[in-house]
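The values are calculated or read from the model by the stated rules, or taken from the named source; none is laboratory data. Just so it is clear, the model here is predicted, and its values are computed rather than measured. Methodologically, a virtual Cβ is constructed for each residue, glycine included, from the backbone with ideal geometry; neighbour enumeration extends over all protein chains shown.
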Amino acid sequence: MHNNLPENEKALGIIKTKGPQTLLDLAAAMEITVEGARFHLLKLAKEGLVTATTESKGRGRPQQIWALTDLGHARFPDMHAELTVKLIETIRSTLGQQALDKIIAANGKTGLERYMKELEGQAGLKERLKGLAAIRTREGYMADFKKEGEGYLLVENHCPICAAAASCQGFCAAELKTFKAVLGKTAEVERVDHILKGARRCAYKITPVE
């Protein structure tokens, strides 16, 4: 779940999946004392992986909110980022955008077939979401889902192909298309958070269809 981080960097995984956290929340999540959590955070801050801001809420004392820096986000790898971006640029420049679109579509089709095979027999929306989140987590997306209102929210806390997606957003379009196909006519799928648009995560609103 936390990308197999060493023990002294577990706070990074918690902040990555849950967003900016208070010291108390981090201590509780790490199951250590507040002083222990502070020790870890100060060490991570010295390494440039986290940073703290102070927020005032109501009449209580101001709280420090800890968040990842760009260097902290980089601790969660973007698989073969440099090579992938170079390949995308080469395909686009030598074969054209249309050829690149066909390659992305073919890759999406292969992925969809694999997802459908793995989710075979899981008929209910919740069961399919659970299976989809598990697959995406194995692929490095740190995915999870939760009940929200009448539907669900599928969250991907990390994008292991972020550099490739930034270079060619066809990957993001293919991802959304795949999710819609996997869930079929049982639900509507809408992307509500997008890492490439500045969000800390990608999130999808899943609305059941009667």
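A few comments on the model shown:
- Flag if R59 is at pLDDT below 90, among the basic types (K, R) and either in contact with a strand residue (DSSP E or B) (Cβ under 8 Å, 6 or more places away or on another chain) or under 22 Å from T137 (Cα atoms) (or both): no
- Of all positions in segment 184-194, at least one carries a residue that is assigned to a helix (DSSP H, G or I), out of contact with any strand residue (DSSP E or B) (no Cβ under 7 Å at 6 or more places or on another chain), in the same structural domain as Y115 (by TED's automatic domain parsing) and farther than 27 Å from R75 by Cα.
- Test: A52 is at pLDDT 90 or above, of a type in the set (G, A, S), out of contact with any Asp or Glu (no Cβ under 9 Å at 6 or more places or on another chain) and not assigned by TED's automatic domain parsing to the domain that holds C159: yes
- Subset of segment 119-160 (residues that are among the charged types (D, E, K, R) and assigned to a strand (DSSP E or B)): D144, K146, K147, E148, E156
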